[in-house]
């Protein structure tokens, strides 16, 4: 059972790792894209003027904290001591990524005045 929960956590975190930068673009429409297609190469952070993507503005350490804000609930759900089926546990762990991502995404967007 513990090995299955670890597998669910690993899978959910892998989904977050692959889609993290796409979620950035979904949130801010900043130009970030798939990791293998340029990642942040076309992000508006590279434009000398105009608004700049809040996640790219906060640097690597800040982005890591945002990532952890998404991953920690996924791992918690994967190992939560509940009698959920493995399918339900997997679904909830994967869905925790976009749901938890709303909190730092909206907070940083508002803080940076990105949507003004």
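The values are calculated or read from the model by the stated rules, or taken from the named source; none is laboratory data. These numbers were taken from a predicted model, which means no experiment stands behind them. Virtual Cβ from ideal backbone geometry, glycine too; neighbours counted across all protein chains shown.
Per-structure values
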| read-out | value |
| --- | --- |
| Selection count, the stretch 27-44, where residues are surrounded by fewer than 18 Cβ atoms within 10 Å (Cβ to Cβ) and either closer than 22 Å to residue 71 by Cβ or in contact with a helix residue (DSSP H, G or I) (Cβ under 8 Å, 6 or more places away or on another chain) (or both) | 5 |
| Test: residue in the stretch 93-102 that is touching a helix residue (DSSP H, G or I) at 6+ places or on another chain (Cβ under 9 Å), more than 20 Å from residue 9 (Cβ to Cβ) and modelled with pLDDT of 95 or more | yes |
| Pairs, first touching a residue at least 60 places away in the same chain (Cβ under 8 Å) in the stretch 84-111, second assigned to a loop (DSSP other than H, G, I, E, B), C-beta under 7 Å, six or more apart | 109/115 |
| Selection count where residues are under 21 Å from residue 18 (Cβ atoms) and in contact with a helix residue (DSSP H, G or I) (Cβ under 9 Å, 6 or more places away or on another chain), scope the stretch 59-85 | 15 |
| Residues of the stretch 58-83 classified as outside any helix (DSSP H, G or I) and either on the phi > 0 side of the Ramachandran plot or touching a residue at least 12 places away in the same chain (Cβ under 8 Å) (or both), total | 1 |
| Some residue of the stretch 8-26 being over 15 Å from the mean Cα position of the chain (by Cα), surrounded by 18 or more Cβ atoms within 10 Å (Cβ to Cβ), touching a residue at least 12 places away in the same chain (Cβ under 8 Å) and in a helix (DSSP H, G or I) | yes |
| Whichever residue in the stretch 55-78 is over 13 Å from the mean Cα position of the chain (by Cα) and loosely packed, with under 15 Cβ neighbours inside 10 Å and, among such residues, is nearest to residue 28 (Cα to Cα) | 59 |
